[in-house]
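The values are calculated or read from the model by the stated rules, or taken from the named source; none is laboratory data. Computed from a predicted structure; not experimentally measured. Here Cβ is always computed from backbone atoms with ideal geometry, including for glycine, and neighbour counts include all displayed protein chains.
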Amino acid sequence: MLVDAVDAVLLLGPTACGKSALALQLARTIELEIVSIDSAQVYRGMDIGTAKPTAAERAQVPHHLLDLRDPAEPYSAAEFVRDAQRAIFDIRARGRLPLVVGGTMLYARALRQGLSALPSADHTVRARIEARARAHGWPALHAELASVDPATAARLSPNDSQRIQRALEVFELTGTPLSRLQQQPQQPPLKLLTIALLPADRAQLHRRIEQRFDAMLAAGFLEEVRALMQRGDLTPALPSMRAVGYRQAWEHLARGTPVEEFRAAAIAATRGLAKRQITWLRSMRDAAVLDPFAPDTPQRLRQLLRSVTATSASSPAKTV
């Protein structure tokens, strides 16, 4: 199969489907570098619960967009697009293939489709919104959002504080509903080949999720979260601490719930994440679909990537 020259390849799939292992396997025979597309792996000190590549794995092939932020700091889709573009162009300039690997589908959509021209965060506006939330509760602010941006409110939970706050902030800054602004995306800056890893056997994926979580517990995941809690400057409301697994571990350690209850809740949340990721992937009609558990998938991936490198070898590298 031949494809047109592309700037990068996206290897996307649900959590625990083996994306990272496949990427490392590909790197043994193809000159590539890996760009992480994972909203939790950007945080330092969050290693075990994010299944972040180990030092040995990073030594095998260069990895990018890991450990960019302290867990107390925010990181947005817009920042990801900026950082990913820079990494992709740098990798191309070195004559290698950028392989963007992960499962944060919001970031994937932003990279594939471009971002709307949304305003930057305004701390004064956010402080006012947070004050109203403390006084009246987030459900009340959700009702407020429904009156000015019913389309956005309809897809948000009344307690989704982060997204309600952002939607109200955008409306206050621009006078235009977020849903309307999001219908006016910028032109996508990159040409990408998307590969979607969709398991044919959902039960096998669920087993892998359970096995991987137990391996994380054995590797010291609860100790990792306990150390983050003991810093004193983190709260369960931060985006970093709301990551799947970390949210459940924080609650378990704070409330002293039984370990089996915590384990069950974390595994259920991870399965829910995988289900949402699969829904996103199925909506990507242009993606090449492969079953991550099929025995011929590594070979088929190599063929796809080699066709990309063959057709793009003569393409000039872009600069930014």
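Any residue at all in region 144-154 that's among the small types (G, A, S) and either closer than 22 Å to V42 by Cα or surrounded by 17 or more Cβ atoms within 10 Å (Cβ to Cβ) (or both)?
Step one: filter region 144-154 for residues among the small types (G, A, S), giving 146-147, 151, 153-154.
Imposing the further condition that a residue be either closer than 22 Å to V42 by Cα or surrounded by 17 or more Cβ atoms within 10 Å (Cβ to Cβ) (or both) reduces the set to 153.
Yes, the conditions are met somewhere in region 144-154.
Do we have any residue at all in region 43-66 that's in a strand (DSSP E or B) and of a type in the set (A, V, I, L, M)? Working first, answer last.
Of region 43-66, the ones in a strand (DSSP E or B) are 43, 63-64.
Subset that is of a type in the set (A, V, I, L, M): none.
Checking region 43-66: not a single residue is in a strand (DSSP E or B) and of a type in the set (A, V, I, L, M).
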Discussion item. Just to be sure I understand the filter: pairs with C-beta atoms under 9 Å, separated by 6 or more residues or on different chains, first member in region 117-146 and farther than 16 Å from D160 by Cβ and touching a residue at least 12 places away in the same chain (Cβ under 8 Å), second member basic (K, R) and assigned to a helix (DSSP H, G or I). Which pairs pass?
Written reply: L118/R166; A121/R166
Practice prompt. Select, from R109, R94, R82, the only residue that is surrounded by fewer than 17 Cβ atoms within 10 Å (Cβ to Cβ), free of Cβ contacts under 8 Å to residues at least 40 places away in the same chain, of a type in the set (K, R) and farther than 17 Å from L22 by Cα.
Written response: R82
Discussion item. Can you tell me which residue is surrounded by the most Cβ atoms within 10 Å (Cβ to Cβ) among those in region 269-293 that are in a loop (DSSP other than H, G, I, E, B) and of a type outside the set (D, E)?
Written reply: P292
Worksheet item: Hey, Q25 hits all of (1) farther than 19 Å from V9 by Cα; (2) not in a loop (DSSP other than H, G, I, E, B) but one; which does it fall short on?
Response: (1)
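Answer yes or no as to whether L238 is in a loop (DSSP other than H, G, I, E, B) and modelled with pLDDT under 95.
Details: in a loop (DSSP other than H, G, I, E, B): yes; modelled with pLDDT under 95: yes.
Here the answer is yes, as L238 does meet what is asked.
Would you mention how many residues in region 141-156 are among the charged types (D, E, K, R) and more than 11 Å from L168 (Cβ to Cβ)?
Quick first cut of region 141-156, residues among the charged types (D, E, K, R) only: 144, 149, 155.
Keeping just the survivors that are more than 11 Å from L168 (Cβ to Cβ) gives 155.
Count: 1.
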Worksheet item: What number of residues in region 217-235 are over 15 Å from R44 (Cα atoms), assigned to a loop (DSSP other than H, G, I, E, B) and in contact (Cβ under 8 Å) with a residue 24 or more places away in the chain?
Response: 1
Response to the item:
Across (1) of a type outside the set (G, A, S); (2) in contact with a Gly (Cβ under 6 Å, 6 or more places away or on another chain); (3) at pLDDT 95 or above, P139 clears everything bar (2)
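Scan region 107-125 for residues that are under 16 Å from L192 (Cα atoms) and assigned to a helix (DSSP H, G or I) and report the count. Outline the logic, then answer.
To start, the set of residues in region 107-125 that are under 16 Å from L192 (Cα atoms) comprises 107-115.
Retained after the next criterion (residues that are assigned to a helix (DSSP H, G or I)): 107-113.
Going through region 107-125 one residue at a time, the tally reaches 7.
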